[in-house]
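For reference, the structure discussed in these notes is given below.
The values are calculated or read from the model by the stated rules, or taken from the named source; none is laboratory data. These numbers come from a predicted model, not from an experiment. Note that we place each Cβ from the backbone using ideal geometry, even for glycine, and neighbour counts take in every protein chain shown.
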Amino acid sequence: EKEQMVRLIKKLTLNIELPLVIDTTEADVLEAALSIYPGRALINSVSLEGGRGAKIDKVLPLAARYGAAVIAMTIDEEGMAHTAERKVAIAERIAQIARDEYGIPAEALVFDVLTFPITTGQEELRHSAIETLAGIRLVKQRIPGCFTTLGVSNLSFGVAPHARAALNSVFLYHAVAAGLDTAIINPAHVTPYAEIDPEQRELCEDLIFARREDALARFIAYFEQHTAGNDSEREDPTAGMTVDQRLHWKILHRKKEGIEHDIDQAVDERLQAIGLRLSDPAAAARDEQGASPQGRAAVEVLNNVLLPAMKEVGDLFGAGQLILPFVLQSAEAMKKAVARLETYLDRVEGASKAKVVLATVYGDVHDIGKNLVNTILSNNGYTVYDLGKQVPINTIIEKAVEVQADAIGLSALLVSTSKQMPLCVQELHRRGLRIPVLVGGAAINRQYGQRITFVDEEEPYPAGVFYCKDAFEGLETMDRLSDPAIREQFIEQTIREAANVLHRRVTGRVALAELGEASRATADGARSAVRTDVPVPVPPFWGWRATSRIWLKDVVECLDRNSLYRLQWGAKNAKGAEWERLRAEFDQKVREFIAEA
């Protein structure tokens, strides 16, 4: 086994950039694999089954030595955990052992809180899904920084494939909302929550949340009557739609088949409205402004059909009803449609809106988000130079200078690699370059973007640093930067907002030589014209003092509680009433901490 494992890992690492999951029951095989693996592996798995000596004390030393992450099952000497409280109790035991005895942080632990079939009719498993969802929430809350995973399809064991697909899809949606980070699924068998038939959704949720005594019977009866191959499910869902509606539906539902023909028809219909057809020479003839009727028709299809469809995809993603793989599939359909549309666009008038250099910063190999930004910007008229991942600062800047870029986009998933972003801004400033920098990725937030706007304590980077929480905000930012009428005002406003934050939290004063008299007045002690509804803080003393202790109650009001609760205390995906409930619960915890301190 050791020889085969080593040979296999050597072959896989030549072509696969994603982390490998190493699964073996033999410690010597695991060590041989980890010792030659060039990246950070994920070990499957550890638990407390059979006591510590059975596995955990053999695997964790190797994970610590080679920097691997570990999947941890909520199983102990008594067996698999069925209730939320037992799940989190076992997870806390494993986390404590990992931290205290082996120095493994919570960030290296991926907890599988287990789920069990709710489709077998066993009374003791009726509330399994509820306990699993509660277990995810508790683990994320009590072990800040850890990750979670689930074998989602375990929930639906024993029923027909099309019934399993519906139940798994609904359960996945609720698990992600509870804080699930990764899922073991077949993506071909998952449907976005928003696309599931409302009746099916209700049946699935009745079963998942045990809302009715007859929930299982009604679920089985429905899917026996509505089989995967019946006539209603084979009907074309776009039948009766106009071509514009069909294009919108295909992008929203990630269907690339036939989309090029639909583009041709959409352009042709607009030409027929003015008495022309695609086959007419006059359709491609340019007028005095260098534009052709078919070019104008193509732009109208882009602006009125394709972009609104992609915006709806973005809205669903933001609402948590569409997971990232589906967004990427919609982007691929959009890309195919735009490629066809470009054959009608007038090249003379087709100068791009702006040139953007994109890169994932040095040390970071994650590029899914960056690739989505590339697709969205490219589809909206921008020329994008994608440099890939792990790109050094010099390479980024040299490419931007070479192509005379209008903006630079930087992405980072890891906190450690996000430190490359301020270095890039500082180097641009040192060279006297004035290229706006867009930053984004899971490792950073808006406050981070505002901090790195300043190359030192009081001097801002004149071209501005713009935090974009997702690809769609990146598009909105580029649209503003590309509009000469509002560009300078937008840059100035962004720097002023950053200065305002730093004025309150860091320096106590702002010196912005390039931002006009109002900013300079602030540095001289006068009120800033930017905000007049915030009292000027009065320091408790001037000069410096030495202190032996800083009291928690004195600094707690300076905490960014939104970031604390979402990024550290496990409320990352909470929304609406769930977020309000968690925020109230966490606020109470903060008050208790202060009282104890």
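Only one of the numbered conditions (1) modelled with pLDDT under 90; (2) of a type in the set (Lys, Arg); (3) within 23 Å of ILE444 (Cβ to Cβ) is not met by ARG340, and that is (3). Residues in the range 11-67 that are among the hydroxyl-bearing types (Ser, Thr, Tyr) and farther than 19 Å from THR149 by Cβ: THR13, THR25, SER35, TYR37, TYR66. Sub-7 Å Cβ pairs linking a first residue in the range 305-333 that is on the phi > 0 side of the Ramachandran plot to a second residue that is β-branched (Val, Ile, Thr) and in a helix (DSSP H, G or I), at least 6 apart or interchain, are GLY320/VAL176, ordered by first then second residue. Among the conditions (1) closer than 30 Å to THR115 by Cα; (2) modelled with pLDDT under 90; (3) out of contact with any Leu (no Cβ under 7 Å at 6 or more places or on another chain), GLU213 misses just one, which is (2). Candidates GLU580, GLU514: the one that is of a type in the set (D, E, K, R), modelled with pLDDT of 80 or more and surrounded by 10 or more Cβ atoms within 10 Å (Cβ to Cβ) is GLU580.
Within the range 77-106, track down each residue that is under 23 Å from LEU133 (Cβ atoms), modelled with pLDDT under 95 and of a type in the set (Asp, Glu). If the condition is that a residue be under 23 Å from LEU133 (Cβ atoms), modelled with pLDDT under 95 and of a type in the set (Asp, Glu), then GLU78 is the only one that fits.
Listed here are the residues, each with its yes/no results for (1) outside the structural domain of SER128 (by TED's automatic domain parsing); (2) part of a helix (DSSP H, G or I); (3) among the basic types (Lys, Arg); (4) touching a Phe, Trp or Tyr at 6+ places or on another chain (Cβ under 6 Å).
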residue	(1), (2), (3), (4)
THR25	yes, no, no, no
GLU31	yes, yes, no, no
GLU49	no, no, no, no
ALA63	no, yes, no, no
HIS82	no, no, no, no
ALA89	no, yes, no, no
ALA95	no, yes, no, no
ASP100	no, yes, no, no
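Is there a residue being under 21 Å from ARG40 (Cβ atoms), of a type in the set (D, E, K, R) and surrounded by 15 or more Cβ atoms within 10 Å (Cβ to Cβ) anywhere in the range 76-99? Checked the range 76-99: at least one residue is under 21 Å from ARG40 (Cβ atoms), of a type in the set (D, E, K, R) and surrounded by 15 or more Cβ atoms within 10 Å (Cβ to Cβ).
List pairs: first in the range 531-557 and in contact (Cβ under 8 Å) with a residue 24 or more places away in the chain and surrounded by 10 or more Cβ atoms within 10 Å (Cβ to Cβ), second of a type outside the set (Phe, Trp, Tyr) and part of a loop (DSSP other than H, G, I, E, B), Cβ under 7 Å, 6+ apart or cross-chain? Note: pairs meeting the criteria are TRP551/ALA597; LEU552/ALA597; LYS553/ALA597.
So, in the range 6-23, exactly how many residues are aliphatic (A, V, I, L, M) and assigned to a loop (DSSP other than H, G, I, E, B)? Counting residues in the range 6-23 that are aliphatic (A, V, I, L, M) and assigned to a loop (DSSP other than H, G, I, E, B) gives 3. Return a yes/no flag: does the range 462-478 have any residue that is under 18 Å from VAL357 (Cα atoms), over 22 Å from the mean Cα position of the chain (by Cα) and touching a residue at least 60 places away in the same chain (Cβ under 8 Å). For the range 462-478, residues under 18 Å from VAL357 (Cα atoms), over 22 Å from the mean Cα position of the chain (by Cα) and touching a residue at least 60 places away in the same chain (Cβ under 8 Å): absent.
For the range 264-299, residues that are modelled with pLDDT of 90 or more and assigned to a helix (DSSP H, G or I) total 9.
ASN371 falls short on exactly one of the conditions (1) surrounded by 22 or more Cβ atoms within 10 Å (Cβ to Cβ); (2) part of a helix (DSSP H, G or I); (3) at pLDDT below 80, and that condition is (1). A residue that is among the charged types (D, E, K, R) and more than 28 Å from the chain's Cα centre (by Cα) cannot be found anywhere in the range 103-121.
Within the range 159-178, can one find any residue that is over 20 Å from LYS572 (Cα atoms) and not in a helix (DSSP H, G or I)? Yes, there is a match, as at least one residue in the range 159-178 is over 20 Å from LYS572 (Cα atoms) and not in a helix (DSSP H, G or I).
From the list ILE56, ILE9, ILE43, which residue is within 21 Å of ILE185 (Cα to Cα) and among the β-branched types (Val, Ile, Thr)? Of ILE56, ILE9, ILE43, the one residue that is within 21 Å of ILE185 (Cα to Cα) and among the β-branched types (Val, Ile, Thr) is ILE43. Scanning the range 163-198 for residues that are touching a strand residue (DSSP E or B) at 6+ places or on another chain (Cβ under 7 Å) and either more than 24 Å from GLY576 (Cα to Cα) or assigned by TED's automatic domain parsing to the domain that holds GLY318 (or both) returns a single hit, ILE184.
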